[in-house]
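Worksheet for the structure shown next.
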Amino acid sequence: MKASRRSMKMNYAIRQVTIPADEMEAKGAEVIRMNIGDPNKWDFETPEYFKAALREAVDMVDNGYGDSQGSPELREAITDREFEKHGARISADDVIVTNGVSESVQVLLGTMLEPGDEVLVPGPGYPSYTQYINYFDAKPVSYEQVEGEDWQPDIDMMRERINERTRAIVVINPNNPTGAVYPEKAVREIADLAAENDLPVISDEIYDKITFDTPFFSFSRTSPDVKKIIMNGFSKVNLMPGWRVGYSYFMDDSGDMDEIFEGCMRQLRARLCPNVPCQWAARAALQGPQDYINELTGKLSARADYSYKRLNDIPGISARKAKGSMFMFPRVEADLWKSDMDFILDVLWGTGVLFVPGSGFCEEFGRNHFRTIILPDIPILEKAYDKLEVFMAGRMKKV
Ligand SMILES: Cc1ncc(COP(=O)(O)O)c(C=O)c1O
């Protein structure tokens with residue numbers, strides 16, 4: 001039986017590349033997986049008191065279905081968090097809890113888009129957005145994040161690429177895959193552009209507390225004239241990616257987004273509810289001690305420094321330092337491979353280190369790059385970059 005055209009168009013590079021890596025491992029080879037932004041695969045642990053809350057949850061909740069919009073208690077805790085961290089004035093009614101931010105992305109785009117619509121997305125950018133825009137037969141239109149300017153967004157290009165079919169602007173800040181953190185000025189300029197064109201902004205802030213000596217300015221702080229939907233969740237900052245809890249909240253004084261909110265709710269009712277015990281534990285995570293976040297950012301910052309130095313010392317590779325998130329997006333200066341996928345596979349087979357090809361984050365602005373993570377501890381990073389260094393030296397010698 002034929003699969004739908006829609007589903008066969010999906011190609012999520014971050015997990016697609018695991019197929020050849022799995023094959024190598026099955027043959028007994030060791031693979032260092034630098035492809036997925038999962039802190040729990042490295043030396044980061046879900047804090048003990050979250051785990052205790054999850055164990056407690058199954059005794060405390062009735063283990064039946066919950067509210068489709070998300071538990072009212074968790075939504076209250078999220079409004080407190082967003083006010084405390086970013087000054088966002090929202091109520092629990094504005095918040096939707098989903099099975100990860102991924103579900104918020106799917107549901108929101110499914111509500112906003114008709115075939116032929118366009119959405120501005122950062123290039124390079126986290127691929128869920130482009131994948132779902134394509135899935136709904138709409139068109140992702142990339143705006144460049146300029147590598148030479150520490151991956152800052154090209155707002156003139158954003159302006160040039162808006163037309164009568166544009167439905168929204170997606171912002172990912174701090175950014176996956178580049179590690180960029182946008183200054184307040186850039187965030188405000190994007191907000192002005194959105195207001196001028198009466199477009200909503202979808203701002204993905206899942207790495208909001210993961211920055212290294214660079215202040216983060218949330219989109220929620222921009223003018224109330226801008227309609228916005230902020231995405232956030234517990235997978236990264238709160239170290240519980242497997243529990244699948246994320247959320248989005250609407251900020252819209254105009255009432256223009258009311259029907260979009262209702263469209264999202266109609267889809268969410270059809271999927272019944274988010275995981276109930278995990279929502280209980282997520283609430284505990286927002287209300288307990290937060291010092292583990294300093295430990296997380298402290299380690300990541302040191303690993304970003306190390307990765308930056310090592311990558312730039314490898315002939316044929318250059319990289320900008322990550323200012324936040326869990327990633328860097330190095331450029332492959334050497335012009336020896338047909339595509340960045342060929343480069344990734346050659347590195348994998350030659351060294352056992354798995355990266356993600358840059359074009360998986362944007363065909364137009366991601367080519368000749370790869371995404372790496374800054375999550376492993378320094379001895380593992382050292383091993384991976386030693387292998388990459390030897391590999392590159394060997395390839396460059398052949399030219
Ligand atoms: C920018 C961004 N948004 C969303 C997600 C997905 O998050 P979740 O685990 O909450 O579905 C990721 C995961 O890597 C991400 O990098």
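The values are calculated or read from the model by the stated rules, or taken from the named source; none is laboratory data. All values reported here derive from a predicted model rather than from experimental measurement. When we count neighbours, we look across all protein chains shown, and the Cβ atoms used for this are built from the backbone with ideal geometry, even at glycine. The accessibility values were calculated without ligands, DNA or RNA, using every heavy atom of the protein model including side chains. Shrake-Rupley method; radii C 1.70, N 1.55, O 1.52, S 1.80 Å.
Data for the structure
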read-out: Condition check for Asp154: more than 14 Å from the ligand (Cβ to nearest atom), free of Cβ contacts under 8 Å to residues at least 12 places away in the same chain and open to solvent by less than 50 Å² (accessible area, probe 1.4 Å); value: yes
read-out: Any hit, the range 357-370, residues being within 24 Å of Gly148 (Cα to Cα) and of a type in the set (S, T, N, Q); value: yes
read-out: Matching residues in the range 118-145 - criterion: being of a type outside the set (A, V, I, L, M, F, W, C), open to solvent by less than 30 Å² (accessible area, probe 1.4 Å) and under 21 Å from Arg266 (Cα atoms); value: Tyr129
read-out: Options Val181, Val187: the member that is out of contact with any helix residue (DSSP H, G or I) (no Cβ under 9 Å at 6 or more places or on another chain) and open to solvent by less than 30 Å² (accessible area, probe 1.4 Å); value: Val181
read-out: When residues of the range 93-114 are limited to those that are within 13 Å of the ligand (Cβ to nearest atom) and open to solvent by 20 Å² or more (accessible area, probe 1.4 Å), the one nearest to Gly246 (Cα to Cα); value: Asn99
read-out: Residues being away from the ligand (no atom under 16 Å from the Cβ) and open to solvent by less than 50 Å² (accessible area, probe 1.4 Å) - total across the range 5-50; value: 8
read-out: Residue list for the range 220-266, restricted to those being open to solvent by 30 Å² or more (accessible area, probe 1.4 Å), within 10 Å of the ligand (Cβ to nearest atom) and of a type in the set (Gly, Ala, Ser); value: Gly242
read-out: Scope the range 168-219; condition touching an Asp or Glu at 6+ places or on another chain (Cβ under 7 Å) and more than 16 Å from the ligand (Cβ to nearest atom); matching residues; value: Ala195, Phe217
read-out: Failed condition for Ala304, given (1) more than 18 Å from Glu73 (Cα to Cα); (2) assigned by TED's automatic domain parsing to the domain that holds Val61; (3) of a type in the set (A, V, I, L, M, F, W, C); value: (2)
read-out: Number of positions in the range 192-237 that are of a type in the set (Val, Ile, Thr), in a loop (DSSP other than H, G, I, E, B) and touching a residue at least 40 places away in the same chain (Cβ under 8 Å); value: 4
